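J.: I'd like to ask some things about the structure below.
The values are calculated or read from the model by the stated rules, or taken from the named source; none is laboratory data. In this text the structure is predicted, and so the values were computed from the model without any measurement. Cβ placement follows ideal geometry from the backbone for every residue including glycine, while neighbour counts extend to all protein chains displayed. Accessible surface areas use protein heavy atoms only, side chains included; no ligands, DNA or RNA. Shrake-Rupley method; radii C 1.70, N 1.55, O 1.52, S 1.80 Å.
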Amino acid sequence: MEVCAARAPGKIILAGEHAVVHGSAAVAAAIDLYTCCSLRLMPLADNEAGAAMVELDLKDPGLAFSWPCRRLREVLLTEEAAGAREARPCSPDRLASITRLLEEHEIPEAKIWLSAGLSAFLFLYTSILGCRPGKVTVSSDLPMGSGLGSSAAFCVSMSGVLLTAAGVVTAVGGISGEGMGWELVGKDDLELVNRWAFQGEKIIHGKPSGIDNAVSTFGSMIKFKKGELTNLKSSNPVKMLITDTRVGRNTKALVAGVSERASRHSDAMASVFKAVNSISEEVSSIVELAANDEIAITSKEEKLAELMEMNQGLLQCMGVSHSSIETVLRTTLKFNLVSKLTGAGGGGCVLTLIPTMLSNLVLEKVIAELESHSFRCFKVEVGGQGLQVCQGGFSCFNGDVV
Ligand SMILES: Nc1ncnc2c1ncn2[C@@H]1O[C@H](COP(=O)(O)OP(=O)(O)O)[C@@H](O)[C@H]1O
Ligand SMILES: C[C@@](O)(CCOP(=O)(O)O)CC(=O)O
Ligand SMILES: [Mg+2]
């Protein structure tokens, strides 16, 4: 039985969400919260006996699904994968067949939002591995549907593990300081994973810009514009507090809402997107500036804070803020701290810039006040690794062997 695993990080968007879908620049960074997929391929002999299954165990919502390989072949006509070396889009016909397969499962009404992720899974699995029997287990540190790119981390880690199992992607070496067996992946392989993950993200987001899957695949901090990615070398750590308002929302609906507003007010919204582009360009130059003393660091942070405030105003113009987000903005402003929503908005997560000179005592007070509104705060490391794979018997689940 072959076993492998892959993990991919979530992200924060420092500037440019939504506008990036319309061609503006945006700046994003990987965070140290991961989604992990492990895969166990089952013997092909099961296939002949007719008992072979493709199984998906989703640890976070606590749901498991399985499809007989025979049924998948019947409905999707995928005897063999058509070749995993090039990413293909999911055609409308194929998506309709996948939807039919999902209708055969009882998904609890309260968890119906999972169907987009399930469709992305069935598309990626059958496109990359055909109808080979196997079991995929997924677990994540990321809150789902909160703006931290859980959909992209899901698609990147899923594509990573499937392509590794297909023998198309190979690990190139361990990560120093990490004894868990995670290995990095070469640039060409990462490009391929990113292209497949983008196809999955299209099923979940409708019209993604590609920034989330790119930063989840390649890690680090990036500027992204019209599919072009520039690596940013941030010379000082950027410290952000993340507040999850716990107000659920759906990226696909919010992205569609902004596009509708843009078609109703094309000139005004073109100006909004242009202003966001300038903000992202400025943010990307500022993060790369080397600041060597207290005055330079403070001036850099003040510029970043001002740009975040401006970006938040423009996100309000796009119609993606929310009363819970406004509560976070007002609360942090009492402590002279600037915040902006991150990701699609409409609830979800808010970023607060934490100046280097801010005392821990004040930070704890801010967190306590935010949490008194039933929000959840967490501090993250920004700009770390992207996709990592593990080609052995190790799994992400408490270090157990799968
Ligand atoms: N760990 C996971 N298990 C199952 N589905 C997931 C997982 N992570 C993400 N998804 C899918 O992604 C969707 C959330 O994506 P989205 O609305 O873009 O929010 P975000 O990417 O900000 O978390 C979920 O509704 C689900 O379909
Ligand atoms: C709103 C958007 O810019 C980011 C969405 O991020 P998330 O799914 O909310 O984590 C959409 C996109 O770029 O594809
Ligand atoms: Mg998403």
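J.: Output wanted: per-residue J couplings in Hz (rounded whole) for segment 3-12, from phi through Karplus 6.51 cos²θ - 1.76 cosθ + 1.60, θ = phi - 60°, x for Gly and Pro.
T.: For segment 3-12, the Karplus curve yields 10, 8, 9, 9, 9, 9, x, x, 8, 10 Hz.
J.: So what's the gap between the Cα centers of segment 1-47 and segment 310-350, to the nearest angstrom?
T.: Result: 25 Å between the Cα centres.
J.: If one takes the longest principal axis of the Cα atoms in the chain, at what angle in degrees, from 0 to 90 and to the nearest 10, does the Cα axis of helix 251-264 lie?
T.: The angle comes out at about 60 degrees.
J.: Sequence-distant or interchain residues sharing an amide H contact under 5 Å with Met53, placed H: which?
T.: Counting only residues 5 or more places away or on other chains, the set is Cys69, Gly134.
J.: Sequence-distant or interchain residues sharing an amide H contact under 5 Å with Val382, placed H: which?
T.: Answer set, sorted by chain and number: none.
J.: Considering amide H positions built from the backbone, and no H for Pro or chain starts, which residues 5 or more places from Ala87, or on another chain, come under 5 Å of its amide H?
T.: So Ala87 has HN proximity to no qualifying residue.
J.: Among Glu302, Glu17, what's the order by accessible area (1.4 angstrom probe), most exposed first?
T.: Numbers: Glu302 120, Glu17 5 Å².
Ranked list, largest accessible area first: Glu302, Glu17.
J.: Probe radius 1.4 Å, ligands and nucleic acids ignored: give me the carbon and sulfur share of the accessible area of the chain as a rounded percent. Please report the intermediate quantities before stating the final value.
T.: Numbers: 8810 of 16890 Å².
In the chain, the share of accessible area belonging to carbon and sulfur is 52 percent.
J.: If the limit is 31 Å between Cα atoms, which of Lys225/Lys379; Lys135/Lys202; Lys202/Lys233; Lys111/Lys187 go over it? Display every interim value, and only then the final one.
T.: Numbers: Lys225/Lys379 27 Å; Lys135/Lys202 24 Å; Lys202/Lys233 29 Å; Lys111/Lys187 36 Å.
Violating the 31 Å limit, Cα to Cα: Lys111/Lys187.
J.: What is the antiparallel percent of DSSP beta bridges lying wholly in the chain, to the nearest 5?
T.: On the way: 55 of 60 bridges.
So the antiparallel bridges in the chain amount to around 90 percent.
J.: A further question follows. Which value, to two decimals, describes the C-alpha radius of gyration of segment 91-144 once divided by 2.2 N^0.38 Å? Provide the component values of the computation, followed by the final result.
T.: On the way: Rg = 12.3 Å, N = 54, 2.2 N^0.38 = 10.0 Å.
Ratio of Cα Rg to 2.2 N^0.38 Å: 1.22.
J.: Post the alpha-carbon centroid distance, segment 90-104 to segment 142-157, in whole angstrom.
T.: 22 Å
J.: Quick one: among Lys303, Lys365, Lys11, which has the greatest mean-square fluctuation in a GNM of the chain with alpha-carbon springs under 10 angstrom?
T.: Highest fluctuation among the options: Lys365.
J.: Enter the angle in degrees (range 0 to 90, nearest 10) between the Cα long axis of helix 323-333 and the first principal axis of the Cα atoms of the chain, meaning the one along which they spread out most.
T.: Between the helix axis and the principal axis of the chain, the angle is about 50 degrees.
J.: Taking 0.36 nm per residue of sequence separation and subtracting the Cα-Cα distance, how much length would be gained by fully extending the chain between Thr99 and His265, in nm to one decimal? Could you put the intermediate results ahead of the total?
T.: Working: separation 166, 0.36 × 166 = 59.76 nm, distance 3.43 nm.
So the chain would gain 56.3 nm between Thr99 and His265.
J.: OK, next. Once you keep just the Cα pairs under 8 angstrom separated by 6 or more residues, what percentage relative contact order results for the chain?
T.: Numbers: 845 pairs, mean separation 108.3, N = 402.
Relative contact order of the chain: 27 percent.
J.: Can you give the accessible area of Arg195 in Å² (nearest 10), computed on protein heavy atoms with a 1.4 Å probe?
T.: 100 Å²
J.: Could you tell me the accessible area of Cys390 in Å² (1.4 Å probe, neighbours in place), rounded to the nearest ten?
T.: 10 Å²
J.: Also, I was wondering about something else. Spelling out what I want: for every residue of segment 226-235, take phi, set θ = phi - 60°, compute 6.51 cos²θ - 1.76 cosθ + 1.60 (Karplus), and round to whole Hz; glycine and proline get x.
T.: Karplus values, whole Hz, x for Gly and Pro: 6, x, 8, 10, 10, 6, 9, 9, 7, 7.
J.: Can you give me the solvent accessible area of His265 with a 1.4 Å probe, rounded to the nearest 10 Å²?
T.: 100 Å²
J.: Where does helix 360-371 land angle-wise versus the long Cα axis of the chain, in degrees 0 to 90, nearest 10?
T.: So the helix axis and the longest Cα principal axis differ by about 60 degrees.
J.: Using mean Cβ contacts within 10 Å as the protection proxy, how do 183-192, 150-159, 292-301 order, highest first? Kindly include the intermediate steps, with their values, before the conclusion.
T.: Values: 183-192: 16.1, 150-159: 31.9, 292-301: 13.3.
Packing order, densest peptide first, comes out as 150-159, 183-192, 292-301.
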